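Engineer: Just dropping this structure here.
The values are calculated or read from the model by the stated rules, or taken from the named source; none is laboratory data. Just so it is clear, the structure is predicted and the values come from calculations on it, not from any experiment. Cβ placement follows ideal geometry from the backbone for every residue including glycine, while neighbour counts extend to all protein chains displayed. In case anyone asks, the SASA skips ligands and DNA or RNA and just uses the protein heavy atoms, side chains included. Shrake-Rupley method; radii C 1.70, N 1.55, O 1.52, S 1.80 Å.
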Amino acid sequence: MNLASDTRHLIVRLPNWLGDTVMALPALRALRSGLEGRRTTLVGPWAPLLADQGLAEGCVAYPRRWRQRLVAVSELRRLAGDTVLLFPNSVESALAAWLWGARWIIGYATEGRGRLLSHPLPPPAPRRHQVDEYLGLLAPFGISDVEATPRWILGSDAKGERLEALLPSRGGSSAPRVGIHLGAAFGPSKLWPSNLIATLCQELGRRGLVPVLLGTPSEEATAGAIVASAGGELVSLVGRDAPELLPGLLARLDVLVSMDTGVAHLAAAVGVPVVALFGPPDPELTAPRGPNSSVIWKPPPCSPCFLPECPIEHPCMRAIGVDEVLAAVGERVGARRS
């Protein structure tokens, strides 16, 4: 059965994390094209961020807490979606789709949830890049041969004043800006040591580049220590931005240095060159995809481990040297300005 002809209103349960949501963009664009004329609603924690991407008629924020999700059941049931496509592999997402009253539920048959799915798909073996695994979910709709690189469309600069307040336009300055994202929601095992980040900022300044620190309020103490140690011309926006400003803010950078986190994926989708520093995860599965994205990964024998906290001396991240990050940044600044 080709679900494209049977679907009238498709609800897409988006991933829970920003990076995974960005990696779902190729699948979402393919659905929009392949199901032209059908209504689509996106549901997920990051759904509102996609409201201006032209991917759906509705973008509904989905709470993270179980109790709030139970409260949301009646609202989502009123949407009357006949088909639900699940990007998360959890039992909870399949059970929720059933409670929403969907006739057709598509997802990978993981965690013993196959009986809750009308179209259980075998999990990819061996594992593939997350972008490709999401594209594999489109098989029941007869959609294939699509672009597999996430693209973020920057709209009109309606948030220009707020962006100017954070990161003003260059004016007469031609100094390249190098964003450095300090955090990773997964856990400290993904983090590059702050003393190495401070050294990187010093060396960038010596080369005429302007470091711009990015991160959530939880990284403010780390940012303060880096600013105090690095000195020089350094901008810290840690704790000052907002999700809706991120695409425009990243577009004002020349390069982004980031650990394996959602901001790296968003920057690559916007078109900003990315230098991604990998430790416990496997970049073959989750590296940012973009024409100017690169990965630095120095895996010890214990990697990939996928542990949120390193039980030993964090060898995977400590092995990444400042000089090789500088070299990667220099290459991307040169390519962007040539």
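Engineer: Mind pulling up the Rg/Rh value for the chain? Radius of gyration and Kirkwood radius, both on Cα.
Structural biologist: 0.99
Engineer: Under the rule of -39500 (n - 2.57) per DSSP H run of 4 or more residues, summed and divided by the residues of the chain, what mean residue ellipticity at 222 nm is obtained, to the nearest 500 deg cm²/dmol?
Structural biologist: For the chain, the value works out to -9500 deg cm²/dmol.
Engineer: How large a share of the accessible area of the chain, in percent, is made up of carbon and sulfur atoms when the probe is 1.4 Å and the other protein chains stay in place?
Structural biologist: 53
Engineer: What whole number of Å gives the distance from the Cα centroid of the stretch 107-144 to the Cα centroid of the stretch 170-238?
Structural biologist: Distance between centres, Cα-based: 39 Å.
Engineer: Treating the angle as unsigned and between 0 and 90°, give the value, to the nearest 10°, between the Cα long axis of helix 194-206 and the longest Cα principal axis of the chain.
Structural biologist: 60
Engineer: If you bin the C-alpha pair distances of the stretch 65-144 every 5 Å from 0, what whole percents do you get?
Structural biologist: 3, 15, 25, 23, 18, 10, 5, 1
Engineer: Also: What FRET efficiency comes out for Ala185 versus Ala327 if R0 is 30 angstrom and r is the Cβ-Cβ distance? Round to the nearest 0.05.
Structural biologist: 0.60
Engineer: Which value, in Å to one decimal place, does the Kirkwood hydrodynamic radius take for the stretch 253-338 when every pair of different Cα atoms is included?
Structural biologist: Here the Kirkwood hydrodynamic radius works out to 13.3 Å.
Engineer: Now a separate question. Using the heavy atoms of the protein chains alone and a 1.4 angstrom probe, what is the accessible area of the stretch 109-217 per residue in square angstrom? Present the calculation step by step, with values, prior to reporting the outcome.
Structural biologist: Details: 5380 Å² over 109 residues.
Per-residue value: 49 Å².
Engineer: Any idea what angle helix 220-230 forms with the longest principal axis of the chain, computed on alpha-carbon atoms, 0 to 90 degrees, nearest 10?
Structural biologist: 30
Engineer: Another one. Measuring from the lowest to the highest alpha carbon on each principal axis, how far does the stretch 1-47 reach, largest first, in angstroms?
Structural biologist: Result for the stretch 1-47: principal-axis Cα extents of 31, 19, 16 Å.
Engineer: How high is the FRET efficiency from Arg240 to Arg128, r the C-beta distance, R0 41 Å, rounded to 0.05?
Structural biologist: 0.65
Engineer: Roughly how tilted is helix 25-34, in degrees to the nearest 10 and between 0 and 90, from the longest Cα axis of the chain?
Structural biologist: The answer is roughly 40 degrees.
Engineer: Please list log₁₀ I(q)/I(0) at q = 0.17, 0.19, 0.21 Å⁻¹ for the stretch 188-338, using the Debye equation with identical point scatterers on the alpha-carbon positions.
Structural biologist: Summing over Cα pairs of the stretch 188-338 leads to -1.03, -1.30, -1.58.
Engineer: Follow-up. Working only with C-alpha atoms, what are the Rg and Dmax values of the stretch 236-278, expressed in angstrom?
Structural biologist: 9.8, 26
Engineer: Using a 1.4 angstrom probe with every protein chain in place, what is the largest-first accessible-area order of Ser218, Ser236?
Structural biologist: Ser218, Ser236
Engineer: Sticking with this one: Using a 1.4 Å probe, what is the accessible area per residue for the stretch 235-324, in Å²?
Structural biologist: About 37 Å² of surface per residue is accessible.
Engineer: Shifting gears a bit: Where is the GNM fluctuation largest for the chain (alpha-carbon springs, 10 angstrom cutoff): Gly183, Gly37, Gly239?
Structural biologist: Looking only at Gly183, Gly37, Gly239, the biggest GNM fluctuation is shown by Gly37.
Engineer: Given the options Val12, Leu234, Thr216, identify the residue whose Cα lies farthest towards the positive end of the charge dipole of the chain (+1 on Cβ of Lys, Arg; -1 on Cβ of Asp, Glu).
Structural biologist: Val12
Engineer: If one computes P(r) from the Cα atoms of the stretch 1-135, what percent of pairs lie at distances over 19 Å? Mind showing how you got there, number by number?
Structural biologist: Working: 4174 of 9045 pairs.
Of all Cα-Cα distances in the stretch 1-135, 46 percent exceed 19 Å.
Engineer: Determine the distance separating the Cα centre of the stretch 1-45 from the Cα centre of the stretch 269-323; give it in Å without decimals.
Structural biologist: Cα centres, the stretch 1-45 to the stretch 269-323: 29 Å.
Engineer: Also, I was wondering about something else. Given charges of +1 on the Cβ of Lys and Arg and -1 on the Cβ of Asp and Glu, with all other atoms neutral, how large is the dipole of the chain about its Cα centre, in debye to the nearest 20?
Structural biologist: Roughly 620 debye for the chain.
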